[in-house]
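Quick notes on the structure that follows.
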Amino acid sequence: MLTFSKRTLSVLWLLLFGFWTYHRVLPPGSWSTLEPSAYVSPNTQEILLKCSTLHARPNQLSLASLSRKRTVSDRYEPGTRNMSYLITNATIFTGAKDDDGNLQVTNGDLLMVNGIIRALGEDIPRDLLVEIEPRQLTMIKANGSWVTPGLGELDINSQLGIFSSPPLRGSDDSDSMKGPVLPWLRSIDGLHTRDNAFELAMAAGVTSAQILPGLSNNIGGQAFVVKLRRTADGSALSMVVDPPQELNSTGGPPTWRHLLQSCSEETRRYGNRMDMMWSLRSAYHEARRVMKAQDAFCAQAEAGIWDTGMDVFPDSLQWEMLVDVLRGKVKVSSYTEFKAVDLDNMVRLSNEFGFSLAIFLHASEAYLVPTLVNGSRGGTPAVALSSTNHRHDRESYRGSEFAPAILAAHNLSIIMTTDQPVINSRQLIDEARKAYHFGLTADLALASITSASSNALGLGYRMGMLQEGYDADVVMWNSHPLQIGATPSHVWIDGIRQIPLTKDSGRSTYSTGSGPMEVVDSKNLRMEAPGQPSYLKERQDTVNWDGLPPLRGIEEGNRVVFRNVKEVWTRGRNSIDESFVADEEEFGIVIVVKGKIICAGTTDDCIVSGDEPTVDIDIHGGSISPGLLTFGSPLGLEDIASEPSTTDGRLFDALAVDVPSIFHDVGGIVRAFDALMFDTRHARIAYYFGVTIATSSLAKPHRLHESDDSMIWGLSTTFRTNAAHALEPEAIVQTETALHVRITRPRFDVRGPATSVSSQLAILRRLLYGWESRDTDTGLYFRKAAEGVIPLVVEVHNADIMASLIMLRAEVDAKIGGQMRMVFVGATEAWLLAKELSQARVGVILTSLKPVAATWDQRRILPGPPLTNQTALDILLKNGVIVGLGVDHPQMAAETRFHLAQAYQDSISSATAREVYGLATTNLEQLLGVKGIEPSSADLVAFDGGSVFNLSSKVVAIISPQRSQVDIL
């Protein structure tokens, strides 16, 4: 059967129309002697050239062929600091697939010349080395160290540079308020090339990112892929990889363009989901009309049929980007904000208008509907998501830490992302580590932050893998990248070394110039991937229960025997004690009866009699240690942060509005205990991961809520995370724990008047001096804080404000003769005052071990290796400051064990395992004034396959003396 394309049919129709016209007007036989058109446009050549490229799409094979022929990168900058590098004896994760579809790891050398990878493997051709000027070649002995492509190739979901660090009103270009559909906007137009976050990301191994325009618009605009190194040119355009032809004056073959579109809770300022979809459909309808007009115009012009007025090609600057989407020239990232309904909307939209989707961003429910993901036109999109950052809004409520592994089992491409600045780019490798811990294979975990994103965005022909002819974006690690605490020792972008920085570079905000040595210790035992626990049952339960499996273990009140125990840690009065350590030849045994350990030792020490029911649990060289305490988030005070109906609601800000007279309390002091919500998903999941107790206040994260500039946050409470309700025995550990305030400068996006720091300190001084009557809660509890009866916990990040608070504390102590217990939370800049904090006996609760400047008050961070040799935690501990670890958000409470593991690796030279345990147990209790935890009644957590400090272990049981039982999880 003879078939014709739509374009051919259009041409034939126009020719027939012309034939009919001439035949109708002229006598038969005379029309055939005329030219096709009496009028010819003066722009004929320009128009025909435009028409000839109308359907030209980026061709991966052609682009790859041209890329392989390069001997000098198009991004190479000649200069003395640009040298050739030969890395020898490395373990190289190439990111490329072999003939069997497996991701390759090879051992050998890697040569970078002129910004290009020229060779890798066991035998580097000598002729390549001979061509290099010896003074321009630097050799680095890897001694078996891991070498990978640059991470974040690409960080697929980033607002680096358009939402600056620290954020300022003058540099916030992340969202436009001009309408729901804005395909004509370009993120590059708001890219601030001197954003401090670039350097922090590079130091974490992130070498490139897709910079997305506004997530709060249905179409926020055009996205651009950039390399994170600062160029000699200094412009935003010079950072762009493969600039589209509209921006690239040098010509060349067509390259991919990139677009962000959204249908989610984020865009609700323009209406509900029906409004969102109408905005998208109407926009694509207009684009389709423009496309059809262009096709008809070109068909007529190419047929030589010119009409008067055909001097201008029917283009539309407003809709040209969407026209290119319909022509298949654009990689579309679709921010579906997690829910299946949004995935379905995007799939239907792509099918209705005939375009492909490249990536689903934040598709938290994609693992529940893999068939739906496969239904997109033109191929299956990759799925980009975070590992554990779920349940903060309705769309992500069914999100799961097992989603990456489940999606991979359906052969979907997985991309781990940070959603910078929600999770900062420094933690991109941590997202891969957590995905690996919860079941994603090691090679796919590494691919999820290297090759998967590059392939999805059409840049896999030059980036994201280590192959000959590829861009020299390379990271060398001091241990296996999936090991907690692994840090880049070297980072190259375009073959130009970025990390470590030299003293004379003059470009570092943080570096002291004393980076890692260029030779890595070959005896490092962390060069292998960590062990991986099995979560097969948990993954299946998650799918079976549509993402909401019941989180209750088996309650066992009889005897439970734990076998193959490597170590047991128990609580002392104010310490964590190592009560049993197995020898190298034989693991031990622990016998628990009615929730209490009656014996821990060797099999000879602990005899298991057969005269009573026994449950045996093999923990395969694991450990038993105290349950963890979490603090810093409103855990147990909200279910879904973005849904007011699931939270306590807004507090009265006594500095912004008058507290109602019915309070009879000028400060409006409230108790978190009155707002406790038990059996929340956040709390249950935290319990499943060994967090058995939480201290929570009503304070909101400083940068995410309208009311977050409040100064007085009331009294925190302490409770057990597994309790079903407040009347359950021992559910409440302490009704009133500490008094909480926040002293901070206004947010960058503050609306209306904001209380000055000087006013906040003046108010605090007045309240602590006791000038408010103790007949009110405000007067009573601030007096208790001044006298040291309860701790005064101050959320503060700026060192200057901390210094003022230390002096204020001394004033108050001198005035009333008390011993105030002051604690700083967040405390990003506390390392600057470590000595003074120790002398003043002021404790610190850090809420980030990988800080970025999320506010101006946090700009003087100490980032740690590889930019600085020390971390804030190191300096505080060495100066004798009592330190605890906290989190900002309820969904992060379950990650407390991972934070401890990070702290252990960061401080391995300055803190013992016992001291690190204290950061989330005894230290926190001391700082917050938690009193209701007795050593004999404290919960213990059994880890299978390792300890709390490594990824190879998982929680399998919680021993509860208080409840006379063991929860088998």
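The values are calculated or read from the model by the stated rules, or taken from the named source; none is laboratory data. Here the structure is a predicted model, which is why all the values come from computation and not from measurement. No Cβ is skipped: glycine too gets one built from the backbone with ideal geometry, and neighbour counts run over all protein chains shown.
Please indicate, with yes or no, whether at least one residue in the range 278-289 is modelled with pLDDT of 90 or more, aromatic (Phe, Trp, Tyr) and assigned by TED's automatic domain parsing to the domain that holds Thr418.
Checked the range 278-289: at least one residue is modelled with pLDDT of 90 or more, aromatic (Phe, Trp, Tyr) and assigned by TED's automatic domain parsing to the domain that holds Thr418.
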Flagged in the range 674-687 as surrounded by fewer than 20 Cβ atoms within 10 Å (Cβ to Cβ) and in contact with a strand residue (DSSP E or B) (Cβ under 8 Å, 6 or more places away or on another chain), in numbering order, are Met677, Phe678
Considering the range 154-199, residues that are charged (D, E, K, R) and at pLDDT below 75, and then whichever is farthest from Lys227 (Cα to Cα), we arrive at Arg169
Practice prompt. Go through the residues of the range 534-548 one by one and say whether even a single one is under 23 Å from Ser936 (Cβ atoms) and part of a loop (DSSP other than H, G, I, E, B).
Written response: no
Expected single match for in contact with a Phe, Trp or Tyr (Cβ under 9 Å, 6 or more places away or on another chain) and crowded, with 16+ Cβ neighbours inside 10 Å among Gly636, Gly595, Gly632 is Gly636
Just to be sure before I move on: is Glu612 closer than 25 Å to Arg914 by Cα and over 40 Å from the mean Cα position of the chain (by Cα) in the structure I sent? no
query = Quick check, is Trp278 touching a residue at least 24 places away in the same chain (Cβ under 8 Å) and either on the phi > 0 side of the Ramachandran plot or not β-branched (Val, Ile, Thr) (or both)?
reply = no
Please work out if Ser396 is within 17 Å of the chain's Cα centre (by Cα) and farther than 25 Å from Leu61 by Cα. yes
Can you find a residue in the range 137-148 that is touching a residue at least 60 places away in the same chain (Cβ under 8 Å), surrounded by fewer than 19 Cβ atoms within 10 Å (Cβ to Cβ), out of contact with any helix residue (DSSP H, G or I) (no Cβ under 9 Å at 6 or more places or on another chain) and of a type in the set (D, E, K, R)? yes
Among the residues of the range 249-269, the number that are out of contact with any strand residue (DSSP E or B) (no Cβ under 9 Å at 6 or more places or on another chain) and either in a strand (DSSP E or B) or not small (Gly, Ala, Ser) (or both) is 7
Of the residues in the range 913-948 that are under 18 Å from Ser960 (Cα atoms), part of a helix (DSSP H, G or I) and hydroxyl-bearing (Ser, Thr, Tyr), the one that is nearest to the chain's Cα centre (by Cα) is Thr922
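Just the residues that are in a loop (DSSP other than H, G, I, E, B) and in contact with a strand residue (DSSP E or B) (Cβ under 7 Å, 6 or more places away or on another chain), please, taken from the range 600-626.
At the first step, the residues of the range 600-626 found to be in a loop (DSSP other than H, G, I, E, B) are 602-613.
Thr602, Thr603, Asp605, Cys606, Val608, Glu612, Pro613, listed by residue number.
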Of the residues in the range 255-275 that are more than 19 Å from Ser187 (Cβ to Cβ) and at pLDDT 90 or above, the one that is surrounded by the most Cβ atoms within 10 Å (Cβ to Cβ) is Asp275
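Within 28 Å of the chain's Cα centre (by Cα) and modelled with pLDDT of 90 or more: does that describe Val966?
Criteria not met by Val966.
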Filter the range 882-911 for residues that are over 24 Å from Arg433 (Cα atoms) and either among the β-branched types (Val, Ile, Thr) or under 18 Å from the mean Cα position of the chain (by Cα) (or both); the one that is surrounded by the most Cβ atoms within 10 Å (Cβ to Cβ) is Val883
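Okay, residues lined up against (1) in contact with a Pro (Cβ under 7 Å, 6 or more places away or on another chain); (2) modelled with pLDDT under 90; (3) under 23 Å from Tyr76 (Cα atoms):
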position: Asp99; (1), (2), (3): no, yes, no
position: Leu103; (1), (2), (3): no, yes, no
position: Thr106; (1), (2), (3): no, no, no
position: Asp109; (1), (2), (3): no, no, yes
position: Leu120; (1), (2), (3): no, no, yes
position: Asp123; (1), (2), (3): no, yes, no
position: Ile132; (1), (2), (3): no, yes, yes
position: Met139; (1), (2), (3): no, no, yes
position: Trp146; (1), (2), (3): yes, no, no
Restricting the range 403-417 to residues that are touching a residue at least 60 places away in the same chain (Cβ under 8 Å) and not in a strand (DSSP E or B), the one farthest from the chain's Cα centre (by Cα) turns out to be Ile406
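Each row is one residue, and each column tells you yes or no for (1) part of a strand (DSSP E or B); (2) at pLDDT below 95; (3) not hydrophobic (A, V, I, L, M, F, W, C).
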{"site": "Trp771", "(1), (2), (3)": "no, yes, no"}
{"site": "Asp775", "(1), (2), (3)": "no, yes, yes"}
{"site": "Ala786", "(1), (2), (3)": "no, no, no"}
{"site": "Ile790", "(1), (2), (3)": "no, no, no"}
{"site": "Val794", "(1), (2), (3)": "yes, no, no"}
{"site": "Met807", "(1), (2), (3)": "no, no, no"}
{"site": "Phe824", "(1), (2), (3)": "yes, no, no"}
{"site": "Leu832", "(1), (2), (3)": "no, no, no"}
Checking Leu768, Leu780 in turn, the sole residue that is in the same structural domain as Ala699 (by TED's automatic domain parsing), crowded, with 20+ Cβ neighbours inside 10 Å and under 26 Å from Arg671 (Cα atoms) turns out to be Leu768
Selection from the range 309-348 of residues among the hydrophobic types (A, V, I, L, M, F, W, C) and closer than 27 Å to Arg391 by Cβ yields Phe338, Ala340, Val341, Leu343, Met346, Val347
Of the residues in the range 707-721, those that are surrounded by 15 or more Cβ atoms within 10 Å (Cβ to Cβ), modelled with pLDDT under 95 and polar (S, T, N, Q) come to Ser710
Review point. More than 20 Å from Pro58 (Cα to Cα), more than 39 Å from the chain's Cα centre (by Cα) and in the same structural domain as His390 (by TED's automatic domain parsing) - does that describe any residue in the range 333-341?
Key: no
Those residues of the range 67-93 which are assigned to a strand (DSSP E or B) and either more than 28 Å from the chain's Cα centre (by Cα) or among the hydrophobic types (A, V, I, L, M, F, W, C) (or both) amount to Ser84, Tyr85, Leu86, Ile87, Thr88, Asn89, Ala90, Ile92, Phe93
Checked the range 448-500 for anything basic (Lys, Arg) and either outside the structural domain of Ser208 (by TED's automatic domain parsing) or assigned to a strand (DSSP E or B) (or both); matches are Arg497
Okay, strands (runs of 3 or more DSSP E) sitting entirely in the range 94-166 with 2 or more residues that are under 33 Å from the mean Cα position of the chain (by Cα) and not basic (Lys, Arg), I get 103-113, 116-121, 146-149, 155-158
